[in-house]
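Below: one structure, written as structure tokens.
The values are calculated or read from the model by the stated rules, or taken from the named source; none is laboratory data. Because the structure is a prediction, the values reported are computed rather than measured. Cβ placement follows ideal geometry from the backbone for every residue including glycine, while neighbour counts extend to all protein chains displayed.
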Amino acid sequence: MNDLASEPMTASPNSLGLDFNTPALQRKRRIRAFKDRLARWCVSIGGLAVLGAITLIFFYLAYVVLPMFQGADLEKRDAVQPAWLANAGKPLLMTLEEQNQVGMRLASDGKIQFFDAQSMEALTTIDLPLPAGTEVVSVGEDQPGSHRVALGLSNGQALVFEHAYRITYPDDVKTITPSIVYPFGEAPLTIDPQGRPLEHMGISVNSGTLLIAGSVGSELQVLSLSREENMMTGEVEVSEERLALPQIAEPIKELIIEPRQHWLFVINGRATADVFDLRAKALNGRYKLLNDGAREVTHVTSLLGGISLLIGDSAGGISQWFMVRDEDGKSDLKQVREFKMADSPVSQIIPEERRKGFIALDEKGNLGIFHSTAHRTLLVEPVAEGHSIAALSPRANRVLVEANGKIERILVDNPHPEISWSSLWGKVWYENYDKPEYVWQSTSASTDAEPKLSLAPLAFGTLKAAFYAMLLAAPLAIAAAIYTAYFMAPAMRGKVKPVIELMEALPTVILGFFAGLFLAPYVEGHLPGIFSLLIFTPIGILLAGFLWSRLPEGIRLRVPDGWEAALLIPVILLVGSLSLSMSGHLENWLFDGNMRAWLTNDLGIPFDQRNALVVGLAMGFAVIPNIYSIAEDAVFSVPKSLTFGSLALGATPWQTLTRVVILTASPGIFSALMIGMGRAVGETMIVLMATGNTPIMDMNIFQGLRTLAANVAVEMPESEVGGTHYRVLFLSALVLLTFTFFMNTLAELVRQRLRVKYASL
């Protein structure tokens, strides 16, 4: 044994004279540890700040949106028993003016009492010019907001008047002066030549023509009065016409004249409505209003605009009816929706003057607040005992109820009655529509219409635009990413990838401008060429690949490995130029020179210039860089050892790609698709400029659409802050945020499962 056997085999810890624990290295490690902790804290704080910001955005949107879904509230003031009310006659009508400062009460003796709506003190008493020995038997009101009233008298005559409120500012003090105006003279009009009491009245004024109807038992009297002024002499010529209409078989209960003076609704019997066509002077039809024989109609009035009838019955139900045109062009009276108030008969229904809402009273003194279009019962509360009469202010924020010699003052808080789940997401049967539909129409040119705030067509348009954009972008971007990362030469990849990623920097405003002003009319004029391009481009690429594989190896080996894709550039240019140049010839040969007319007339497919096809092309171009960049990085990041191992075991490059590379990169590819989807859903400018912004629900690729994001961008500047339209737009933003949140959460869950599943490869 030599001497080496006795030597220890452990080396000296400092055999080379290196010291890794010097003060300088210790200080360096402390600095590095501090930087690590600082970076960790900064990243954590940044992540928490992002989550906090998103949470705050969510709660702020919810804070703005939630008030829309709250019901109505009532605030009752102490009932007042004014002195003038003790000697007043039986009330027939009570109203409030715009400022909620002056009220009006009409009694059966023909006296009108104006009073202070705050203190209930008497202001002015006016005696209507009634003939001696007559009294008011019935009252008929024109459309809400007109302030026009027709009184049916006991001698068969009718008096028409308007209550007006003049506002002045003497000594800078606002003063409201009430008055009574007689637009058709103070002399009553003779409705019933026999002089019998007029039990019911109906009135309508349209373009200076007065149409007034009265009933005695089952007899109907209709009078038309028109005035024409001579522009040269200034003389006024009055013409009077008595309309001869078919008589009613049963006693008449209510008379309602449509504002355009087209329809006359006569409610008679227990629950029957006879509808007369005043232009044809004929009976349109007789309709049964209630199917239950135990119920009967107790009160009828018209909704704002005069298109709908509100019919209250003896069981506390209220139904809405209006004329609907069927497929044959005939108009029929249809029941649209029904409300339930209580169990006692409905005594009074008062429509609002600015919205499609109304209030109702029953015989037990219950007050109900409803909205017709939203099909919403906002409140039902007792406000009086027994029979009562009410007045609703034009702003629908105050109600006066007279019962038992007292006047109840009620403040109403009902800012957003037109919003409900059914009006936002379901089909709604609007007035002048033949059937229920999804409609977004936030503004209208007339006061007869109402805002239609259905989010369904906007959500549909959002998904439709994203679908067509992803239909174009996803296959191209994923295929390009796989080829670039796996097959392409590094030198070529270094040129191709930056160019594609540079496309992401193009402003979407420019893309939308290009799509709306150039691409849309070009696609319309070259439809055969565009479809030929979409069909023949993949065929041409496959055919070029097949021919390339059949070439001799001597020719194919001259092209460096990974540069074969460059040979497809002239192929794509050739196919594109041939397709577009043959567009006109194909259109003349196959479609008689007009493919758009052939689609519309022969196939029944509507065509809009700015449509989903244009959006798919333009927005697909904008989404491709996002998907491509993330997917390409995911595929390129697959360890080369996996690829080399698969090839070494005998797998072909294609087998390696499909069974190893793509599966390993699947989490990144899926993330790319989800990010691209979110990008398409939230796009604003492209869909705003290239779709026509038509909120229709049709999957037709040749029709336009309106998305949630574009709608918010367009209508938010013109919406009233705090109004219903304003809050619905915030609800649109909340829907977008919720959708993207759930999509991203789902994407993250799927991505994590894919990562765990294929991590062992």
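Under 28 Å from the mean Cα position of the chain (by Cα) and farther than 22 Å from Val102 by Cβ: is that true of His387 in this structure? No: the conditions fail for His387.
For the stretch 105-186, the strands (runs of 3 or more DSSP E) that sit wholly inside it and include 1 or more residues that are hydroxyl-bearing (Ser, Thr, Tyr), closer than 28 Å to Gln81 by Cβ and in contact with a Ser or Thr (Cβ under 8 Å, 6 or more places away or on another chain) are 157-168, 175-181. Considering each residue of the stretch 306-319 in turn, none proves to be part of a strand (DSSP E or B), of a type in the set (Ser, Thr, Tyr) and touching a Ser or Thr at 6+ places or on another chain (Cβ under 6 Å).
Any residue at all in the stretch 541-560 that's in contact (Cβ under 8 Å) with a residue 60 or more places away in the chain and more than 22 Å from Leu617 (Cβ to Cβ)? Yes, because at least one residue in the stretch 541-560 is in contact (Cβ under 8 Å) with a residue 60 or more places away in the chain and more than 22 Å from Leu617 (Cβ to Cβ). Test Leu688 against the criterion of being hydrophobic (A, V, I, L, M, F, W, C), in contact with a Gly (Cβ under 8 Å, 6 or more places away or on another chain) and either within 30 Å of Phe518 (Cα to Cα) or not in a helix (DSSP H, G or I) (or both), and give yes or no. When the stated conditions are applied, Leu688 passes them. Before we move on, is Gln26 surrounded by 10 or more Cβ atoms within 10 Å (Cβ to Cβ), polar (S, T, N, Q) and over 30 Å from His163 (Cβ atoms)? Yes. Candidates are the residues of the stretch 509-539 that are crowded, with 19+ Cβ neighbours inside 10 Å and not hydrophobic (A, V, I, L, M, F, W, C); the one that is farthest from Ala480 (Cα to Cα) is Glu524. Only one of the listed residues (Glu501, Glu437) is closer than 30 Å to Ser629 by Cβ, surrounded by fewer than 20 Cβ atoms within 10 Å (Cβ to Cβ) and not hydrophobic (A, V, I, L, M, F, W, C). That residue is Glu501. Kindly indicate whether any position in the stretch 291-303 is in contact with an Asp or Glu (Cβ under 6 Å, 6 or more places away or on another chain) and more than 22 Å from Gln247 (Cα to Cα). Yes - at least one qualifying residue is present in the stretch 291-303. Yes or no: Leu657 in a helix (DSSP H, G or I), out of contact with any strand residue (DSSP E or B) (no Cβ under 7 Å at 6 or more places or on another chain) and surrounded by fewer than 19 Cβ atoms within 10 Å (Cβ to Cβ)? So Leu657 fails the test. In the set (1) modelled with pLDDT of 90 or more; (2) under 21 Å from Ala469 (Cβ atoms), the condition left unmet by Leu731 is number (2). Whether any residue in the stretch 673-686 is over 25 Å from Trp440 (Cα atoms), surrounded by 23 or more Cβ atoms within 10 Å (Cβ to Cβ) and over 22 Å from the mean Cα position of the chain (by Cα) is what I want to check. Yes, the conditions are met somewhere in the stretch 673-686.
Summed over the stretch 692-725, the residues that are in a loop (DSSP other than H, G, I, E, B), within 14 Å of the chain's Cα centre (by Cα) and under 16 Å from Ala680 (Cβ atoms) give a count of 2. Residues being over 16 Å from Ala391 (Cβ atoms), in contact with a Lys or Arg (Cβ under 6 Å, 6 or more places away or on another chain) and β-branched (Val, Ile, Thr) are entirely absent from the stretch 128-143. Answer yes if at least one residue in the stretch 639-649 is surrounded by fewer than 22 Cβ atoms within 10 Å (Cβ to Cβ) and closer than 11 Å to Ala465 by Cα, and no otherwise. The answer is no, given that none of the residues of the stretch 639-649 is surrounded by fewer than 22 Cβ atoms within 10 Å (Cβ to Cβ) and closer than 11 Å to Ala465 by Cα. Cβ-Cβ contacts under 6 Å between residues 6 or more apart (or on different chains), taken from a first residue in the stretch 416-442 that is over 18 Å from Phe69 (Cα atoms) to a second residue that is among the basic types (Lys, Arg) and crowded, with 20+ Cβ neighbours inside 10 Å, are listed as Val439/Lys452; Gln441/Lys452. For the stretch 475-527, filtering for residues that are closer than 17 Å to Ile569 by Cβ and of a type in the set (S, T, N, Q) leaves 1. Taken together, Gly357, Gly405 contain a single residue that is surrounded by fewer than 21 Cβ atoms within 10 Å (Cβ to Cβ) and either at positive phi or modelled with pLDDT under 95 (or both), which is Gly405. Being closer than 15 Å to Val346 by Cβ, in contact (Cβ under 8 Å) with a residue 60 or more places away in the chain and either of a type in the set (Phe, Trp, Tyr) or buried (at least 21 other Cβ atoms within 10 Å of the Cβ) (or both) is a description that applies to Leu310.
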